[in-house]
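First comes the structure, then the notes that go with it.
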């Protein structure tokens, strides 16, 4: 299977990513028909676990979107499980040092690059098991989250870690770490300046930057700014917003 | 527990109803915080079964919306189960004759009115089992769907069936039965004329009419026309529409 | 597999039956270690469906209790499914006429006695598929519920229906049908007189009578009166009662 | 979506069908990669219910096999639900009369042909909801099971029922009904003669005949005899047989 | 949402806590109506995982009990997930050093106090996301378990760790660590002396002590001794005990 | 409960082990009737999590096979949970050093040998909780996986770790670590030489060696070579192979 996200990045294009918090293969297949390039099952803050992630992957597979996961933590057991289940992109929260980045990469790559254990139970579906092995190390996107002051302090070392394909920005946690309120779609100049630094440093290394957004217009603006993966809310947030608007209109 | 839908009807007010197709207690609790007066678990065309309906009821309960169900068919086994689970409103598809309406009412009401079996396993939560029994027959709204030519032919007899609290209109099936395409938010004069007849006949009998809608503005218009319960799409439809719009904006 | 319930009846002994409303294989295995002779998954008023019944059967199987089901309704589809899953006893609500009793028996027995379809997917576990077929028609206990005035009017005809192994009494619904409040452990002389009639008529035909009870002392009394299967509350009721008592003591 | 089964039949080819008893989307996707033309979720004798059927459909969808269901009974509620979920073939047990065949067809076809209610929640995935409606009545294969003496007595009338695309033979139940043991891969001359009659009568009407088999060689022989759909065991049976052989070899 | 446990502690009152081992939202809602002040989902020794904990939280929410969790281990991934799901109390097993206590607190508190990541997907239900953030750090009770000799050796340092609201005693493991048999409701003078030390040291620091008990009378005694949270068995233990007693009475 | 695997080893016999990747109690009970001595739920590369492992254990329990688990990682939280659920054998991936082996043993053994926490919620089923505690430390087989060059370098130290009952070989990962392709049933002389070393070193210490195999004949050969536990494929692999062969025959 081609990783459409990495393909887009190779061509210099940005992708629009959906975010799955609802633990249901059915809602995943609905989201998969909405036009997103990729869908990320959020196992950290979403109401998801391993088997619900598998169900979401099954729901999205026929619709051609690239399956991704945000794992709950930088822990090799769960990283191996979601990759075996077919994740083509792996977002990991709270990567604050080069050591943590190296551990993340190691868990995501087969030897000799890393230490991932072999057994792609569902991932092998995307081809013969042999061919999956041949290309998995380069096909799978490894994306540590940069979301603390400590990570910013170690930014270059994290980015220089071999095997890091890009980074993902968590604006709420980043804000918290800087002493600001937790929120998305930030406008503080100091934050936007950080975004520029992230784009510049990753640009030097031919890496992509993704970011979580609270609205489509802000996401569009971030694409314009140079981000190569933009997420808009999540499935439950899109539903809630739409439902509230519909109720308000009907009640007039 | 007060049935807020019947309370609103008693006061002449219309309610806005949400529709649950996603089999998840989590998405139900999100919908329950969107402003709807009631939420209906769609066991006919939704991706729902009995235990997912229970999960949805659990998700919505703390948020004060009235729990309702559309059963898959006019069958006493499933009707009893969802009422025991706590449904305060029961929408039944394809009620085409007075006999079918009487069977529906019988399955929903305890003796001596009907033949419902006693054992309100979750419904008893809304009070002492004793007090639930005392008021269930009048609290639960029984709403046969009028959605075929045959049902229109038998309309008065259906409405005259003791225990029918109102009706629910399925515009797609009604259209199909009339030789029209299956769709919501209909504008054909012949259909609008039928709606007027339904409102008039139920009005005479102090019954409410509900209708399924594909958009909030049309739902609002239906309230203006006299409908007392309007549904807007369903959870997955709201999510899909919002997701598509967000993607279009971000990519735009 | 020997049906211990029928074995006990053949020897003139009464059995104590547990009742499962919680849809969990784990709680079923806990109940299966409590000393009950049989456990009945309540698919009518319990929070149960077909797959949760299978999970409960799996939980109880190693502990030697006889698996039974109360189906939600006298419908051949679900009756066949739970028998295939391994139910050795089948309690069916609201059997009010000989015709209904005959339909129930027919759904429970293989030809030439009845019309059950062959495919004992889990039931075959209790032996070779061949041997299951050989004995299923006599091993499985078929127990219509007698719980309405109409059923009492048709009692002899129901009992005379070939293949009826006994009956099960639902005191709440029976009371409702007689114009009394729905409750267990009844003391009204008219009800106790009905119980005596049931015991007498079944006694003539070598059939067993079971009854649902709200307390262990009443259940014991019913055994003394001649009932051959007594149920005490259900899993969730036992838990609730014990929890309330424990809290009261601790807060005491 | 093209119904590959009907397409093959139109071209005079037979299809090999897999049978799903394990309630798991994962085992369904494994079976979907085994070379079967279609996979049937067995909701009658398999350990399956509606939501597990949906999970199986999701598992098989990316692999291009045609999704089918055997419903537990000829009941319009469950028939509508599995068609909405995306079943392209509908096998119904115990269709013994022309009236039952007509009821089955009616539940499977939209007006004006039948009375199916509109709301293809997952089936609409296979195209725009509009286009699904346009072709569903002809795309979906309706296959009553012929498995009793009564059905044989009414064979011509059942086959003459408009909308019947073919039949499916259940050798175990057919044997039982004839006073024989319940088994597959039958060799009794009287049974083979019945098969010939079924092939001849359906051949006259351009209908297909499917049959359940216990082994691949017998299935192949049935194709040679003229059957147009052959099922081989089921998922759990294939696994059990293979496991027993592997254990015997290893221990051997 | 007010944390009623901390509120009681602020007023000097003890709370009675229930313990959930059964992975079912239904059994949780039954337990939630039994009079407990709080309910703890036991993800360590109970038959629970993350999604079953969410289901239990949904079941208990309308009934006003305070939701708590015992996590399986001192691991930030699962701690974050259950807090996001709405846990207002966090019991962590095997906290044996001040470093472990500090790691626990860090995982439970937002910056600048700790390093919890922001995304309270269900917890935000208890108010606007904003207001949850404002009070979460002080509302959530963090309770390390003291259950080894090593923990006793480090007791003062553990208690002095900023952010520790109290401790929870596991009598079985504590006994094991001291070379005694694993059991509850201990009477060994050396153990009771340890309890007194725990009460004294926590008393100095205005912290609460909770303890697991095997019976209600012992729990009551512990309240008298100064414990501020007493747990009585668990859901399955209460059920088992009650079932055994009922069977004995009925058979007696 | 007797651990039949350890019993066989004590008698010098090899056991044949099945491997469960399908998250279903039903498929587990089918596998449990295939002749395997033990069944291992694969939580690392299988589509399994904790609750599905419990369901598999429930499915296999009545059939007398020894329940085992491969955990996803050497992490005390999940190790404790699966032991409490009743695992009698614990296979842990990627144990590369004596320290890791010691941590594994510690998590599996009660004090004073290790640090396992007491609460055998399902394991206690195999006897009174007291008796389980008395024998668990010696009954449970602890089997670190030897599957990297680093593990081979530390082999003696790993084997000398007190409490290690044997080892399990993962041929794919071992090959990867040696610069070979990931596959089972290896024939490279250098690998077979490693196997001989493993057998020799464990033989000195009276420990058993298990190995994962891709075919029954190779597994048999490994028994002949001295391996004491051989696994053949997994449930889904056996099913897939059998299904492909059946389709080929039928179509052939």
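The values are calculated or read from the model by the stated rules, or taken from the named source; none is laboratory data. Keep in mind it's a predicted model, so treat the numbers as computed, not measured. Note that each Cβ is placed from the backbone with ideal geometry, even for glycine, and that neighbours are counted across all protein chains shown.
List of remarks:
- Some residue of the range D:8-21 being within 14 Å of chain C (Cβ to nearest Cβ), out of contact with any strand residue (DSSP E or B) (no Cβ under 7 Å at 6 or more places or on another chain) and buried (at least 23 other Cβ atoms within 10 Å of the Cβ): no
- Index of the failed condition, residue C:2 passing every other in (1) more than 21 Å from residue C:226 (Cα to Cα); (2) more than 7 Å from every other protein chain (Cβ to nearest Cβ); (3) within 15 Å of the chain's Cα centre (by Cα); (4) surrounded by fewer than 24 Cβ atoms within 10 Å (Cβ to Cβ): (3)
- Checked against (1) at the interface with another protein chain (Cβ under 9 Å from one of its Cβ atoms); (2) over 25 Å from residue E:225 (Cβ atoms); (3) in contact with a strand residue (DSSP E or B) (Cβ under 9 Å, 6 or more places away or on another chain), residue E:60 passes all but a single condition, namely (1).
- Any hit, the range C:180-197, residues being in contact with a helix residue (DSSP H, G or I) (Cβ under 7 Å, 6 or more places away or on another chain), within 8 Å of another protein chain (Cβ to nearest Cβ) and buried (at least 18 other Cβ atoms within 10 Å of the Cβ): yes
- Across the range C:239-248, a minimum of one residue is classified as within 14 Å of another protein chain (Cβ to nearest Cβ), out of contact with any helix residue (DSSP H, G or I) (no Cβ under 9 Å at 6 or more places or on another chain) and either surrounded by fewer than 24 Cβ atoms within 10 Å (Cβ to Cβ) or modelled with pLDDT of 95 or more (or both).
- Any hit, the range E:137-148, residues being away from chain F (no Cβ under 14 Å), touching a residue at least 40 places away in the same chain (Cβ under 8 Å), surrounded by 22 or more Cβ atoms within 10 Å (Cβ to Cβ) and out of contact with any helix residue (DSSP H, G or I) (no Cβ under 8 Å at 6 or more places or on another chain): yes
- When restricted to residues that are assigned to a helix (DSSP H, G or I) and touching a residue at least 12 places away in the same chain (Cβ under 8 Å), the range F:67-84 contains 8.
- Set side by side, the residues D:46, D:64 differ, and just one is touching a residue at least 60 places away in the same chain (Cβ under 8 Å), surrounded by fewer than 23 Cβ atoms within 10 Å (Cβ to Cβ) and more than 19 Å from residue F:237 (Cβ to Cβ), which is D:64.
- One residue from E:87, E:101, E:10, E:28 being under 28 Å from residue B:122 (Cα atoms) and more than 13 Å from the chain's Cα centre (by Cα): E:28
- Residue match in the range F:24-37 (condition: in contact (Cβ under 8 Å) with a residue 12 or more places away in the chain, within 14 Å of chain A (Cβ to nearest Cβ) and over 20 Å from residue E:47 (Cβ atoms)): no
- Candidates C:48, C:44 - the one that is at pLDDT 95 or above and either over 16 Å from the mean Cα position of the chain (by Cα) or within 23 Å of residue F:61 (Cβ to Cβ) (or both): C:48
- Scan of the range C:222-243 for residues that are assigned to a loop (DSSP other than H, G, I, E, B) and within 30 Å of residue E:28 (Cα to Cα), ordered by number: C:233, C:234
- Against the criterion of being farther than 30 Å from residue C:235 by Cβ and assigned to a helix (DSSP H, G or I), residue E:187 does not qualify.
- Conditions (1) over 15 Å from the mean Cα position of the chain (by Cα); (2) facing chain E (nearest Cβ under 9 Å); number of the one not met by residue C:219: (1)
- Positions within the range C:198-221 being surrounded by fewer than 16 Cβ atoms within 10 Å (Cβ to Cβ) and part of a helix (DSSP H, G or I), in sequence order: C:200, C:203, C:204, C:217, C:221
- Residues of the range D:63-99 that turn out to be away from chain C (no Cβ under 14 Å), over 17 Å from residue D:168 (Cα atoms) and in contact with a helix residue (DSSP H, G or I) (Cβ under 6 Å, 6 or more places away or on another chain), as a count: 3
- Flag set for residue A:203, criterion: out of contact with any strand residue (DSSP E or B) (no Cβ under 6 Å at 6 or more places or on another chain) and away from chain B (no Cβ under 14 Å).
- Restricting attention to the range A:153-179, the residues that are away from chain E (no Cβ under 14 Å) and touching a residue at least 12 places away in the same chain (Cβ under 8 Å) total 14.
- Any hit, the range F:52-61, residues being within 21 Å of residue E:70 (Cβ to Cβ), within 16 Å of the chain's Cα centre (by Cα) and not in a loop (DSSP other than H, G, I, E, B): yes
- Within the range A:38-49, tally of residues that are closer than 19 Å to residue A:141 by Cα and either in a loop (DSSP other than H, G, I, E, B) or facing another protein chain (nearest Cβ under 7 Å) (or both): 2
- Residue match in the range C:114-137 (condition: within 21 Å of residue C:45 (Cβ to Cβ) and at pLDDT 95 or above): no
- Boolean, residue D:104 is over 30 Å from residue D:240 (Cβ atoms), modelled with pLDDT of 95 or more, crowded, with 24+ Cβ neighbours inside 10 Å and within 14 Å of chain C (Cβ to nearest Cβ): yes
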